[in-house]
Amino acid sequence: MQKCLIKNATLVNEGKIFKASVLIEGQHISRIFTEEAAIPSEVLEKYPVIQAGGCYLLPGVIDTHVHFREPGLTYKADMLSESRAALAGGVTSFFDMPNTIPQTTTLDAWEQKMSLAAEHSMANYAFYLGATNDNLSELLNADYSRIPAVKLFMGASTGNMLVDESSALKELFSNIKAIIAVHAESENIIRQNKERYMAQAGIDLPIRYHSLIRDAEACYRSSAQAVEWASKYGSRLHILHLSTQRELSLLKDLALEEKKVTAEVCVHHMWFDDRDYERLGAAIKWNPSVKQETDKLALRTALNSNLIDVVATDHSPHLWFEKEGSCFEAASGAPSVQFGLVLMLELSGRGAFGLDTVVEKMCHAPARLFRIVKRGFIREGYFADLTLLKPGAARKIGKGEIISKCGWSPYEGENVSWHVEKTFVNGSLLYDRGRFSQEKAARALEFSV
């Protein structure tokens, strides 16, 4: 914990961009000074001062969709390595997905993850509880003041996490009062596409076939089914990594607090399109797949309305050898948490949306949607989760700056003009221009229920 004054920064917060100074005392923001003359002389004399002129101060990003791979897959990522990458990207809080080994589908497995994070994570943390066809009792006994949502796979998944029985879906949607966060891709359509293209072109299909097999129709059909279930039972549904223009028709342009159905879009679905498979191959193979340019542009445009609620990264690292091979052999997923914010700011600079929209969708809206206690905003009395960035000359993302354990990024070589200078977690400066503090400041996130 510490006391310090961040002086003369440009704040982007709650729809406004303005000059101010922020006083941190302990874990919290104690004062926000919009006039330099209002800063008490004793603060300037006794507290460390960070001169932030020319820098932008944002609430720390809340990345509500990551795969940090621990436990069970730590050869390619772990809590420490990936939370360090998060801090380097201005991310101060994350929600981790349940498809680890063991899967987080029991409360015991969830508690194990919480213990690992308490020991190793440098960023604030929360963990989804995964649904299966037969674990309703675990979901009903969960404490949703500590768990952000139930994760539901309505498409291909690892292990037994594909929930495809109508009776199980009915029980889930009719009984779970928490947010149900769904991965929506139709397994039947994917299987039919796979058989058709294999019959046409053989088994060793190039990576570009990935978006033809996991196509827009597979996404739309499954998302539509999820919306139908949620509408029937009045459930709180959150569609993860929405990737198509057509799926936008399932959403309503309403204020977040008025919605029962919300949606997330990931950075890669707004940065890449299917023309990039030729250039980058399996580096941009995700599930759901990167789609057409029309989809990419429609998703960007949707951020300027209330159709899309949050932006996340779906950070999902693999070692490079796991990304080798044909369309069916290369693993799906890529590391993203370190560069999501600067890429979004880059798109803002190109006119896709405003700086305030980036902050709304990556900081404010995640806190509001999931009802996170006292985070996501620069407000007096809130936890001092902050990131300080500096705009500058365009640069290419280099391999040497990649923090993730897997050691590569699909964004290597992409041009950005923003730099994360410092990241504060609960008032502690944990990342400072490439250097990490050893202080343990991260906390488990709490949710209002």
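The values are calculated or read from the model by the stated rules, or taken from the named source; none is laboratory data. Source: prediction; values computed, not measured. Virtual Cβ from ideal backbone geometry, glycine too; neighbours counted across all protein chains shown.
Would you check which residues across segment 78-102 are in contact (Cβ under 8 Å) with a residue 40 or more places away in the chain and hydrophobic (A, V, I, L, M, F, W, C) and list them?
Within segment 78-102, Met79, Leu80, Ala85, Ala86, Leu87, Ala88, Val91, Phe94, Phe95, Met97 qualify.
From the list Thr357, Thr387, pick out the single residue that is in the same structural domain as Gln27 (by TED's automatic domain parsing), modelled with pLDDT of 95 or more, under 17 Å from the mean Cα position of the chain (by Cα) and of a type outside the set (Asp, Glu).
Answer to the check: Thr387.
From the list Ile207, Ile180, Ile203, Ile176, which residue is of a type in the set (Val, Ile, Thr), over 29 Å from Glu446 (Cβ atoms) and modelled with pLDDT of 95 or more?
Answer to the selection: Ile207.
Scan segment 394-432 for residues that are among the acidic types (Asp, Glu) and either assigned to a helix (DSSP H, G or I) or touching a residue at least 12 places away in the same chain (Cβ under 8 Å) (or both) and jot them down.
Hits for segment 394-432 are Glu401, Glu412, Glu414, Glu421.
Would you mention how many residues in segment 207-242 are under 22 Å from the mean Cα position of the chain (by Cα), closer than 13 Å to Glu187 by Cα and part of a helix (DSSP H, G or I)?
Total meeting the criteria: 5.
Being surrounded by 15 or more Cβ atoms within 10 Å (Cβ to Cβ) and not in a helix (DSSP H, G or I) is the filter here; which residues of segment 243-253 pass it?
Listed by number, the residues that qualify are Ser243, Thr244, Gln245, Leu251.
Checking the structure you have, find out if any residue of segment 289-306 is more than 15 Å from Arg214 (Cβ to Cβ), in contact (Cβ under 8 Å) with a residue 12 or more places away in the chain, among the acidic types (Asp, Glu) and surrounded by fewer than 17 Cβ atoms within 10 Å (Cβ to Cβ).
Yes: segment 289-306 contains one or more residues that are more than 15 Å from Arg214 (Cβ to Cβ), in contact (Cβ under 8 Å) with a residue 12 or more places away in the chain, among the acidic types (Asp, Glu) and surrounded by fewer than 17 Cβ atoms within 10 Å (Cβ to Cβ).
Filter segment 89-102 down to the residues that are surrounded by 20 or more Cβ atoms within 10 Å (Cβ to Cβ) and over 20 Å from Leu430 (Cα atoms) and list them by number.
Answer for segment 89-102, where residues must be surrounded by 20 or more Cβ atoms within 10 Å (Cβ to Cβ) and over 20 Å from Leu430 (Cα atoms): Asp96, Met97, Pro98, Asn99, Thr100.
Considering only residues that are in contact (Cβ under 8 Å) with a residue 60 or more places away in the chain and either in contact with a Gly (Cβ under 7 Å, 6 or more places away or on another chain) or of a type in the set (Asp, Glu) (or both), which ones fall in segment 343-367?
Result: Glu346, Asp356, Glu360, Cys363, His364, Pro366, Ala367.
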